[in-house]
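Shown next, in structure tokens, is the structure this report addresses.
The values are calculated or read from the model by the stated rules, or taken from the named source; none is laboratory data. The structure displayed is predicted, hence computed values, not measured ones. Glycine also receives a Cβ, built like all others from the backbone with ideal geometry; neighbour counts cover every protein chain displayed. The protein model used for the area step is the full one, side chains on, heavy atoms only, and it has no ligands, DNA or RNA in it. Shrake-Rupley method; radii C 1.70, N 1.55, O 1.52, S 1.80 Å.
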Amino acid sequence: MVAHLDEATTLLQQLIQLNTDTANGHESTVADVLEQLFTDAGIATKRIPFAEGRDNLVAEFGEGSPVFAFGGHEDVVNPGDLSKWQYPPFSATIDGDRLYGRGASDMKSGLVAMALAFIHLKQSGFPHHVRFIATVGEEYGAPGSRQLTELGYADDLDALVLGEPTGNVIEFGHAGSYNYEITSQGQAVHSSIPDQGINATTKLVDFAVAERTAFDDAPVDPVLGPLVHSVTILQAGDQVNTIPGSARLAGNIRPTKAFTNEQVTARLQEVVQAISDKGPGTLEFHLTHSFYPVVTAKDGRLVTTANAGIAAASGQPVPLATFSGATDASEFTKSSNQFETIIFGPGNEDGNVSHQVNEHVSLTRFHQAINEYEQIARHYFA
């Protein structure tokens with residue numbers, strides 16, 4: 001093993017060793033560390049509680065317009081089967097150039113790199129308005145960014161850089177993420193007398209079949225590509241000799257600018273209503289999560305100056321891309337304020353390791369990202 005004991009790496013290890021599985025919360029432990037870090041650097045901070053043990057953190061220096069922001073989330077996904085990990089997921093073990101652990105890629109390496117760049121900008125006397133935003137719960141529902149958006153923290157932004165792992169490309173856009181549930185209510189009876197009951201699976205299956213073609217007319221977005229949709233959960237019945245009286249289905253859709261979240265809702269409601277109106281039993285639609293697609297102009301100020309900053313820090317610009325996931329930007333961009341957003345961060349350099357067993361980050365890329373983030377901000381204001 002090769003030891004990497006510099007302060008940046010030590011800080012990253014410290015945050016990865018904090019178990020902030022989004023299912024359990026505890027993001028306040030990350031907020032504690034960052035708040036102390038910023039306070040020691042003379043930067044004003046504010047904690048915005050979401051729930052017990054779950055605090056968003058906002059820090060900033062400078063004033064006026066434009067407002068440039070770094071953003072990231074404090075939570076991580078569940079590590080899954082611990083026996084499959086090469087190293088314990090919250091040990092932050094270093095092996096060669098890799099640091100292993102849950103959140104190493106998604107996205108505590110990006111969060112730490114942005115925090116250190118933010119501090120260096122402040123200590124260098126950077127004369128512009130810069131904000132740092134750390135959120136809770138991005139991995140499940142993004143309640144932190146939703147809360148901050150409702151409180152107005154995106155209302156004066158001009159540029160937002162999210163430090164999610166991007167495999168050394170700038171992502172200038174991503175699809176939305178839309179989760180829904182369909183419930184079917186019937187009447188349970190013994191399977192020997194099905195005509196005296198209402199089988200809840202019937203209308204649910206009818207919906208699943210109709211869903212396959214329900215979005216065939218959705219236009220292909222010129223930037224984000226086609227709308228993607230899938231039924232992912234089916235649940236009905238608990239014993240073979242009983243007609244199920246209730247059943248449920250859940251699905252995920254990736255809306256685009258060409259076929260929006262609102263259009264998706266309208267289409268699903270149309271399908272559900274048409275099926276529910278036919279015969280006995282009822283079918284109901286429930287919206288679970290609705291994250292918006294995000295697209296920033298490739299030739300706009302943020303994308304072009306960010307790539308110039310990356311080139312200045314690392315020797316060459318990086319490719320531009322979009323992806324089909326969703327980020328906190330889906331919530332922040334619900335602000336009536338229009339601003340540019342990019343996603344760029346260390347992680348996923350050798351394939352998508354985020355959310356996977358043996359998640360890791362290259363320490364070389366992590367250290368490089370600190371300088372890249374600083375140069376992105378400097379070139380934005382140049």
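Scanning the stretch 201-238 for residues that are farther than 17 Å from Thr322 by Cα, open to solvent by 70 Å² or more (accessible area, probe 1.4 Å) and modelled with pLDDT of 95 or more turns up Thr202, Val205, Asp206, Val209, Arg212, Thr213, Asp216, Asp217, Thr232, Leu234, Gln235.
Cβ-Cβ contacts under 7 Å between residues 6 or more apart (or on different chains), taken from a first residue in the stretch 178-197 that is free of Cβ contacts under 8 Å to residues at least 40 places away in the same chain to a second residue that is part of a loop (DSSP other than H, G, I, E, B), are absent.
Those residues that are surrounded by fewer than 13 Cβ atoms within 10 Å (Cβ to Cβ) and among the hydrophobic types (A, V, I, L, M, F, W, C), I need them from the stretch 239-286; list them, please. Those that are surrounded by fewer than 13 Cβ atoms within 10 Å (Cβ to Cβ) and among the hydrophobic types (A, V, I, L, M, F, W, C): Val240, Ala266. Once the stretch 350-382 is narrowed to residues that are assigned to a loop (DSSP other than H, G, I, E, B) and more than 24 Å from Asp21 (Cβ to Cβ), the residue that is farthest from the chain's Cα centre (by Cα) is Ala382.
Among the residues of this structure, Gly347 does not count as one that is buried (at least 17 other Cβ atoms within 10 Å of the Cβ), assigned to a helix (DSSP H, G or I) and among the small types (Gly, Ala, Ser). Scan the stretch 1-58 for residues that are closer than 15 Å to Met114 by Cβ, assigned to a strand (DSSP E or B) and free of Cβ contacts under 8 Å to residues at least 24 places away in the same chain and jot them down. Across the stretch 1-58, the qualifying residue is only Thr45. Applying the criterion of being in contact with a strand residue (DSSP E or B) (Cβ under 6 Å, 6 or more places away or on another chain) and assigned to a loop (DSSP other than H, G, I, E, B) to the residues of the stretch 214-240, the residue that is farthest from Gly173 (Cα to Cα) is Phe215. Of all residues in the stretch 277-298, those being part of a loop (DSSP other than H, G, I, E, B) and over 24 Å from the mean Cα position of the chain (by Cα) number 5. I need a count of the residues in the stretch 36-62 that are surrounded by fewer than 17 Cβ atoms within 10 Å (Cβ to Cβ) and either closer than 19 Å to Leu151 by Cβ or of a type in the set (Val, Ile, Thr) (or both). The number of residues fulfilling the criteria is 7. In the set (1) buried (at least 24 other Cβ atoms within 10 Å of the Cβ); (2) within 21 Å of Glu35 (Cβ to Cβ), the condition left unmet by Val67 is number (1).
Could you please find all residues in the stretch 1-58 being more than 20 Å from Glu139 (Cβ to Cβ) and among the small types (Gly, Ala, Ser)? Listed by number, the residues that qualify are Ala3, Ala8, Ala41, Gly42, Ala44.
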